[in-house]
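Undergrad: Take this structure first; my questions come after.
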Amino acid sequence: MTKKIAQFRPYQPLLLRILHGFTGLFLIAAIVSAYWTYDTYDRRWGGFLPIYQDIEGIHGTFGLWTLLIFPAFAIYAFHRGQRRLIQPDSLSKLAQVGRPIWWYTLSRIANTLTLIALTLAVFSGKMMDDTWLPKGELIHFWYSVHLIAWVAMVIAIGLHLLMNARVGGAPLLLSMLSWQFRDKDRPNLWLGHLSQWCSGVRQGSWTRWFQPITATIVLEIAILVSILAAWIIPVFK
């Protein structure tokens, strides 16, 4: 099945590629700089990178950029990209071990876990105080959570890439890097789409967003509330 899929060149919506690309770029930079920050200030489990005192600020900058674009990416993922995430029947599909739908289901689960891990990473990062590490204060709850989130994020990204490569091969992975787009995806149409969406919201379409309530919708709300809380809670610390 994988070979059959790889024969086709899949198309990814331009907005998805942009949001996914910037989120991925900032996130990878944050992950790398996070490890360098650990190597500079912690090293309880070893390290090999040179000490660089300014790396925590660089990591914080990449983390902030990730947090800024993540809400748009999350909303897109849970709406326009919902079919790429875990489905109500995913558990039953996992019983079909080795079949194509089994791999598709694993890919969707990996995509969903990546969103969860990223939420934990940005939230725990915002809960930290940037003076802890320079002072050598390593025993803090949110720092420990942030370290766990870093490990979870690395594993989740690895699974995300492996599962998507398994179901779509190189063409699927490369399709996220293409700049070609179809007429319906032209950027000059986005403003009109946004205007229609805002008009629908004013007319009460938002009341149907959470009907019926599903596990996926609950997860979306939890992620968006966590992102909002990541901005609000530090104000009162």
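Undergrad: Would you work out the charge dipole size for segment 112-237 about its Cα centre, treating the Cβ of every Lys and Arg as +1 and the Cβ of every Asp and Glu as -1, and quote it to the nearest 20 debye? Could you put the intermediate results ahead of the total?
TA: Values: 9 positive and 6 negative charges, 69 e Å.
The dipole magnitude comes to about 340 debye.
Undergrad: Find how much the distance from Ile28 to Thr214 grows on full extension, using 0.36 nm per residue of separation minus their present alpha carbon separation; answer in nm with one decimal. Before the final figure, lay out each step's value.
TA: Values: separation 186, 0.36 × 186 = 66.96 nm, distance 3.11 nm.
Once the chain is fully extended between Ile28 and Thr214, it gains 63.9 nm.
Undergrad: Of the options Gly168, Ile148, Ile109, report the single residue whose Cα projects farthest towards the positive end of the charge dipole of segment 94-204 (beta-carbon charges: Lys, Arg +1; Asp, Glu -1).
TA: Gly168
Undergrad: Can you tally the lysine pairs in the chain where the Cα-Cα distance is under 28 Å and the two residues are eight or more apart, or on different chains? It would help to have the intermediate numbers written out before the result.
TA: Details: Lys3/Lys93; Lys4/Lys93; Lys4/Lys184; Lys126/Lys135; Lys126/Lys237; Lys135/Lys237.
Taking the Cα cut-off of 28 Å, the pair count is 6.
Undergrad: For the chain, take the longest principal axis of its alpha carbons; what is the angle in degrees between that and the long axis of helix 55-78, to the nearest 10 within 0 to 90?
TA: Orientation of helix 55-78: about 20 degrees from the principal axis.
Undergrad: Next question. With axes computed from alpha carbons, what is the tilt in degrees of helix 14-41 against the longest principal axis of the chain, rounded to the nearest 10 within 0 to 90?
TA: Roughly 20 degrees, rounded to the nearest 10.
Undergrad: Looking at the chain as a GNM with Cα springs under 10 Å, which of Leu49, Leu68, Leu173 has the largest mean-square fluctuation?
TA: Maximum fluctuation in the GNM of the chain, among the listed residues, is at Leu49.
Undergrad: Using only Cα atoms, locate the centre of segment 9-31 and the centre of segment 184-202, then give the distance between them in Å, rounded to an integer.
TA: The two parts, judged by their Cα centres, are 21 Å apart.
Undergrad: If you average the sequence gap of Cα pairs under 8 Å that are 6 or more apart and divide by the length of segment 101-184, what percent do you get for the contact order?
TA: Rounded, it is 42 percent for segment 101-184.
Undergrad: Oh, and also: Which value, in Å², gives the accessible area per residue of segment 1-147 when a 1.4 Å probe is used on the protein heavy atoms? Each step should come with its number before you reach the end.
TA: Working: 7990 Å² over 147 residues.
Per residue, segment 1-147 has 54 Å² of solvent-accessible surface.
Undergrad: Spin-label point model (7 Å from Cα, Cβ direction): what's the Val225 to Trp197 distance in nm?
TA: Placing both labels 7 Å beyond Cα along the Cβ direction yields 2.3 nm.
Undergrad: Normalising by the residue count of the chain, find the relative contact order in percent from Cα pairs under 8 Å and 6+ residues apart. Working shown, then result.
TA: Values: 216 pairs, mean separation 69.2, N = 237.
With pairs under 8 Å counted, the relative contact order is 29 percent.
Undergrad: Full extension from Leu189 to Arg43: what is 0.36 nm times the residue separation minus their Cα-Cα distance, to one decimal in nm?
TA: 47.5 nm
Undergrad: Only Lys, Arg, Asp and Glu count, each charged at its Cβ (+1, +1, -1, -1), so figure out the dipole size of the chain about its Cα centre, rounded to 20 debye.
TA: Using Cβ point charges on Lys, Arg, Asp and Glu, the chain gives about 1180 debye.
Undergrad: What does the charge dipole of segment 41-99 about its Cα centre add up to, to the nearest 20 debye, if the Cβ of each Lys and Arg holds +1 and the Cβ of each Asp and Glu holds -1?
TA: That gives a dipole near 460 debye.
Undergrad: Further, regarding this structure: Just the number, please: carbon plus sulfur as a percent of the accessible area of the chain, 1.4 Å probe, no ligands or DNA/RNA counted.
TA: With neighbouring chains kept in place, the figure for the chain is 70 percent.
Undergrad: Another question about this same structure. Using alpha carbons only, how many degrees (0 to 90, rounded to 10) separate the axis of helix 215-232 from the longest principal axis of the chain?
TA: The two axes meet at around 40 degrees.
The values are calculated or read from the model by the stated rules, or taken from the named source; none is laboratory data. Bear in mind that the values here come from a model prediction, so they are computed numbers and not experimental data. Please note: Cβ atoms are built from the backbone with ideal geometry, for glycine as well, and neighbour counts cover all protein chains shown. SASA here: full protein model, heavy atoms, side chains in, ligands and nucleic acids out. Shrake-Rupley method; radii C 1.70, N 1.55, O 1.52, S 1.80 Å.
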